[in-house]
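The values are calculated or read from the model by the stated rules, or taken from the named source; none is laboratory data. These numbers come from a predicted model, not from an experiment. Virtual Cβ from ideal backbone geometry, glycine too; neighbours counted across all protein chains shown. For the accessible areas, the whole protein counts, side chains as well, though only heavy atoms, and no ligand, DNA or RNA atoms are used. Shrake-Rupley method; radii C 1.70, N 1.55, O 1.52, S 1.80 Å.
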Amino acid sequence: MRKRQRPARIPNNSTKAKAEFRVFGLKVTPVSLFRAGLAALATAVLFAALLTRVLPRRPPFETGDPSPVEIKAPRSATYTDLQRTAKQQDEAASAVPRTLKAVPEADAVALDFVARVFDRARRARGDPELQTQHQQIAWVQEGLITDISDGSISILVRCDVELLPQLEELTKNTVRSHMRGDVLLDDLPEHRNRIAAELERSTVSKWYRPAVTEVAQGALRHNRVVDNDKTGAERAAARAAVRPVKGQIAPGDIIIAVGETVTRQHFAKLEALGLIRPRVNYGQGVAVAAIVLCLVILFGLYLRERAADVYNSRAQLIFVAACVIVPVCVAQFSVRYGVFPAAAMSAASFSAMVLSALLAVHIAVVGSIVVGILCGLAASGSDPRMIVATTLAGIIAAFAVSFVARRTQVAVRAALITAAANLFVLLAANGAFGLRMAPNDFFAIVTGGILASVFAVMAVVVLDPLLGVTTDIRLAELANPNSPLLRRLMEEAPGTYMSTTMLAGWCETCAGAIGANPLLARVGTYYHDIGKLEKPFYFVENQFGERNPHDFLEPALSARVIARHTKDGYRLARQLRLPQKVRDMTRMHHGTSLIKYFYHKAKEQSDSDEVDESQFRHVGIKPRFKEAGILMIADTVEAAARTLNDPSPSAVDALVDRLTQDKIDDGQLDESDLTFDDVRVIKRVLVRTLNSMFHQRVPYPDDESGRT
């Protein structure tokens, strides 16, 4: 017994540290070395899982390939925006005017063409060999470098000789006016149209206007050409003068999606992030290692303060470490396949459900917070959205299996709750951070939640006996009165069955009153006397008026028969693979208490007062957890309460107080983890329960006369 709460003792099957030494004043034992080694190993494995943040890999594609993976930015970075830079360079280059150079003798060639046309027209008129107009037109066209229509030449040939000089001068002036400026080859159509428009508005007779117009248009030459070398150099200088446009990459930004064609722009971003030529980011590596180490240490301290039984069990510590490591590794592995949200949340839900079912809800909640932070670090860009979503998914899953039910019911309910909760949580997290959920994530999230629940129930079934834990799911199944062992107890030892059924209700109430596990108290009580199945009639509650076999036995032998039922019960519980704490309650409910009836009987029969007390003590072990201590007190009170001749409230109170104090004085409750406050509450519950059983009843008449 103790006045203050202390950590639970290491279970009976754990090895006590024998070798101790000190380092810097701190006591070091094999157990503490194991814990430190496990913490170091967990930190190393978790850091290795997150190592891609420090050692990124080169993307598995080249420019022009479709991307087989989705890549998100693991950190912030500044990159050169090639598209915007190219656009600004094009704008700067286009703003540079073209550099032109003169075409030698372009003006002379144009005017010479006009003179040649009019000269040949005059000569054609005076040439006697050219008898017909058709011959004249053909002869004029033979000497021209540019074709002139037959109609225009016909006009000039038939024109009055005095008008030809005037028309020639008008044509030359028109050509000169247009060639004073820069005329490029591409500009010739525009200038020819303008010549036609100008002459249309002139005073030239409409009979001669078509010929003048066509000759002027044909004579027009480009007098400037683009100096490509100089223009190219100036525009290249303008492009080079443009400063690269920088873009900002935020952590978690999608650099390239699955199936998207890889461009130079993508490679510019990857280059800025250091993913093209991977380099070690030592600063980030130290930071990640520090965060992982802090989380591992804090989780360990929480277990030491709030779950001492887990902290003191090597198997359970390894299990807790695995429940943190596995989800993080699954999440990290899923990054390359584009299903990170579904994989991370499903793995976190699985871990939380297993921790909640096998250990405790509060451990699962804290573990979910640790897993959520680590999965957020595993996400590209340390996605804060995934920290929130993964943590909430794990916490909800922890409570989804915290209610007692059969395994099938747990699997169905947990699957429905987890699938719906994970989908809702991810939608909410995406909305909070202004992101949209990918369509394929809907199916992946729901499927992952269902699979996580199914695998969690399967894992609980496998790990339950390996870890030596007592789960509420297993206890709920054992509480079924139709279980084979309870039915056997009811048929072969009905008195014991009725007694344990009533006693189970007492223990359950007491456990609930002091904050222990009511279900464990009830189920452990159901099975605590199964050892009596070996010799049921040696126990008074199963004799039903038959002769007591102990009347024919020596007191010491009777004591051994009575004491043996705890050993037989533990052996039977092991054969049936009952949960460890239920097994322990078969040999802890009497502890090493004295079998007083046969001890005093032996003293009465002995000629001397010296009787070996050790022969009359139970051969079990003292209670080592609260529920076993409750059972010891309640079992003792229940057996003694049957002998009360005057079950008045004061007598009941005195009986309960005396029997409880006897157990305390005998040291039976020293290892039970019960406090004095707990014992006071237990006594109060037992007194109230017994008084309700022994309440006064109204006598019923036995015949019509009304006599009682």
Yes or no: the range 432-439 includes at least one residue that is among the aromatic types (Phe, Trp, Tyr), open to solvent by 20 Å² or more (accessible area, probe 1.4 Å) and in a loop (DSSP other than H, G, I, E, B).
yes
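Among the residues of the range 189-205, what is the count of those that are among the aliphatic types (A, V, I, L, M) and modelled with pLDDT under 85? Lay out the reasoning, then the answer.
Just the residues of the range 189-205 that are among the aliphatic types (A, V, I, L, M), to begin with: 195-197, 199, 204.
Imposing the further condition that a residue be modelled with pLDDT under 85 reduces the set to 204.
Residues in the range 189-205 being among the aliphatic types (A, V, I, L, M) and modelled with pLDDT under 85: 1 in total.
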Is it the case that Arg522 is closer than 19 Å to Thr636 by Cβ, of a type outside the set (Ser, Thr, Tyr) and out of contact with any Leu (no Cβ under 6 Å at 6 or more places or on another chain)?
yes
Among residues belonging to the range 319-336 that are of a type in the set (Gly, Ala, Ser) and open to solvent by less than 10 Å² (accessible area, probe 1.4 Å), point out the one that is farthest from Leu295 (Cα to Cα).
Ser334
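Mind checking which residues of the range 631-676 are part of a helix (DSSP H, G or I), β-branched (Val, Ile, Thr) and open to solvent by 10 Å² or more (accessible area, probe 1.4 Å)? Spell out how you get there, then give the answer.
At the first step, the residues of the range 631-676 found to be part of a helix (DSSP H, G or I) are 631-641, 649-665, 676.
Among the residues that remain, those that are also β-branched (Val, Ile, Thr) are: 633, 636-637, 652, 656, 660, 664.
If the condition is that a residue be part of a helix (DSSP H, G or I), β-branched (Val, Ile, Thr) and open to solvent by 10 Å² or more (accessible area, probe 1.4 Å), then Thr636, Ile664 are the ones that fit.
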Among (1) in a helix (DSSP H, G or I); (2) out of contact with any helix residue (DSSP H, G or I) (no Cβ under 9 Å at 6 or more places or on another chain), the one test that Asn482 misses
(1)
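In the range 595-612, which residue that is in a loop (DSSP other than H, G, I, E, B) and not acidic (Asp, Glu) is surrounded by the fewest Cβ atoms within 10 Å (Cβ to Cβ)? Quick ask: steps written out before the conclusion?
Narrowing the range 595-612 to residues in a loop (DSSP other than H, G, I, E, B): 595, 606-612.
From what is left, the residues that are not acidic (Asp, Glu) are 595, 606, 608, 611.
On the way: Ile595: 22, Ser606: 11, Ser608: 6, Val611: 18.
By that ranking, first place goes to Ser608.
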Among all residue pairs at least 6 apart or on different chains, which show Cβ distances below 8 Å where the first residue, located in the range 208-229, is free of Cβ contacts under 8 Å to residues at least 40 places away in the same chain and farther than 13 Å from Thr99 by Cα and the second is assigned to a loop (DSSP other than H, G, I, E, B) and among the small types (Gly, Ala, Ser)?
Arg209/Ser202
I want to confirm something. Restricting to the range 24-43 and keeping residues that are more than 22 Å from Val310 (Cα to Cα) and either modelled with pLDDT of 75 or more or open to solvent by 60 Å² or more (accessible area, probe 1.4 Å) (or both), which single residue is farthest from the chain's Cα centre (by Cα)?
Phe24
Are there any pairs, at least 6 apart or on different chains, whose C-beta atoms fall under 8 Å, with the first in the range 114-126 and over 15 Å from Arg158 (Cβ atoms) and the second surrounded by 17 or more Cβ atoms within 10 Å (Cβ to Cβ) and not aliphatic (A, V, I, L, M), and if so, which?
Val114/Glu168; Val114/Thr171; Val114/Lys172; Ala115/Glu168; Ala115/Lys172
Can you confirm whether the range 292-312 contains a residue that is open to solvent by 60 Å² or more (accessible area, probe 1.4 Å) and touching a Ser or Thr at 6+ places or on another chain (Cβ under 6 Å)?
yes
Taking the condition of being closer than 16 Å to Met179 by Cα and among the acidic types (Asp, Glu), how many residues in the range 87-119 meet it?
3
Does the range 229-242 contain any residue that is part of a helix (DSSP H, G or I), on the phi < 0 side of the Ramachandran plot, among the acidic types (Asp, Glu) and surrounded by 14 or more Cβ atoms within 10 Å (Cβ to Cβ)?
yes
Suppose we keep only residues that are modelled with pLDDT of 80 or more and not hydrophobic (A, V, I, L, M, F, W, C) within the range 257-268. Which one would you say is most open to solvent (accessible area, probe 1.4 Å)?
Arg264
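Considering the range 525-539 alone, what residues qualify as being under 17 Å from Gln580 (Cβ atoms) and open to solvent by 10 Å² or more (accessible area, probe 1.4 Å)? Spell out how you get there, then give the answer.
So in the range 525-539, the residues under 17 Å from Gln580 (Cβ atoms) come out as 525-528, 530-531.
Tyr526, the sole residue that qualifies.
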Look through Arg571, Arg577 and report the one residue that is of a type outside the set (Asp, Glu), more than 23 Å from Glu638 (Cα to Cα) and assigned to a loop (DSSP other than H, G, I, E, B).
Arg577
Conditions (1) at pLDDT 85 or above; (2) open to solvent by less than 50 Å² (accessible area, probe 1.4 Å); (3) within 30 Å of Ala115 (Cβ to Cβ); (4) out of contact with any helix residue (DSSP H, G or I) (no Cβ under 6 Å at 6 or more places or on another chain); number of the one not met by Val226
(1)
Test: Leu503 is under 25 Å from Ile682 (Cα atoms) and in a helix (DSSP H, G or I)
yes
What pairs come out if I take residues in the range 508-529 that are without any contact (Cβ under 8 Å) to a residue 24 or more places away in the chain and pair them with residues that are assigned to a helix (DSSP H, G or I) and open to solvent by 50 Å² or more (accessible area, probe 1.4 Å) whose C-beta lies under 7 Å away, six or more apart or interchain?
Glu508/Arg522; Pro518/Glu508
Among the residues of the range 479-504, how many are surrounded by fewer than 22 Cβ atoms within 10 Å (Cβ to Cβ), closer than 30 Å to Val460 by Cα and touching a residue at least 60 places away in the same chain (Cβ under 8 Å)?
1
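Taking Gln83, is it of a type outside the set (D, E, K, R), open to solvent by 90 Å² or more (accessible area, probe 1.4 Å), at pLDDT 65 or above and assigned to a helix (DSSP H, G or I)?
Numbers: of a type outside the set (D, E, K, R): yes; open to solvent by 90 Å² or more (accessible area, probe 1.4 Å): yes; at pLDDT 65 or above: yes; assigned to a helix (DSSP H, G or I): yes.
When the stated conditions are applied, Gln83 passes them.
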Cross-chain or 6+ apart pairs with Cβ under 9 Å, the range 664-692 first and more than 14 Å from Lys626 (Cβ to Cβ), then part of a loop (DSSP other than H, G, I, E, B) and among the basic types (Lys, Arg):
Gly667/Lys622
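Could we say that Ile373 is at pLDDT 85 or above, closer than 20 Å to Phe47 by Cβ and either open to solvent by 20 Å² or more (accessible area, probe 1.4 Å) or not in a helix (DSSP H, G or I) (or both) here? Talk me through it step by step, then tell me what you get.
On the way: at pLDDT 85 or above: yes; closer than 20 Å to Phe47 by Cβ: yes; either open to solvent by 20 Å² or more (accessible area, probe 1.4 Å) or not in a helix (DSSP H, G or I) (or both): yes.
Answer is yes for this residue.
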If you go through the range 320-335 one residue at a time, do you hit one that is in contact with a strand residue (DSSP E or B) (Cβ under 9 Å, 6 or more places away or on another chain) and in a loop (DSSP other than H, G, I, E, B)?
no
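Is at least one residue of the range 460-468 in a helix (DSSP H, G or I), touching a residue at least 60 places away in the same chain (Cβ under 8 Å) and surrounded by 22 or more Cβ atoms within 10 Å (Cβ to Cβ)? Before you say what the answer is, go through the steps one by one.
So the first thing to find is which residues in the range 460-468 are in a helix (DSSP H, G or I), and the list is 460-467.
Within this subset, residues satisfying the condition of being touching a residue at least 60 places away in the same chain (Cβ under 8 Å) are 460, 463-467.
Adding the requirement that they be surrounded by 22 or more Cβ atoms within 10 Å (Cβ to Cβ) leaves 460.
Within the range 460-468, one or more residues are in a helix (DSSP H, G or I), touching a residue at least 60 places away in the same chain (Cβ under 8 Å) and surrounded by 22 or more Cβ atoms within 10 Å (Cβ to Cβ).
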Residue identified as open to solvent by less than 50 Å² (accessible area, probe 1.4 Å), β-branched (Val, Ile, Thr), on the phi < 0 side of the Ramachandran plot and not in a helix (DSSP H, G or I) among Thr586, Thr592, Thr566
Thr592
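Only one residue in Leu423, Leu427, Leu392 is open to solvent by less than 50 Å² (accessible area, probe 1.4 Å) and either at pLDDT below 80 or not aromatic (Phe, Trp, Tyr) (or both). Which one? Before the answer, list the steps.
On the way: Leu427 fails: open to solvent by less than 50 Å² (accessible area, probe 1.4 Å); Leu392 fails: open to solvent by less than 50 Å² (accessible area, probe 1.4 Å).
Testing whether each residue is open to solvent by less than 50 Å² (accessible area, probe 1.4 Å) and either at pLDDT below 80 or not aromatic (Phe, Trp, Tyr) (or both) leaves just Leu423.
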Close pairs from the range 141-159: first loosely packed, with under 14 Cβ neighbours inside 10 Å and of a type in the set (Ser, Thr, Tyr), partner assigned to a helix (DSSP H, G or I) and modelled with pLDDT under 85, Cβ under 7 Å, at least 6 apart:
none
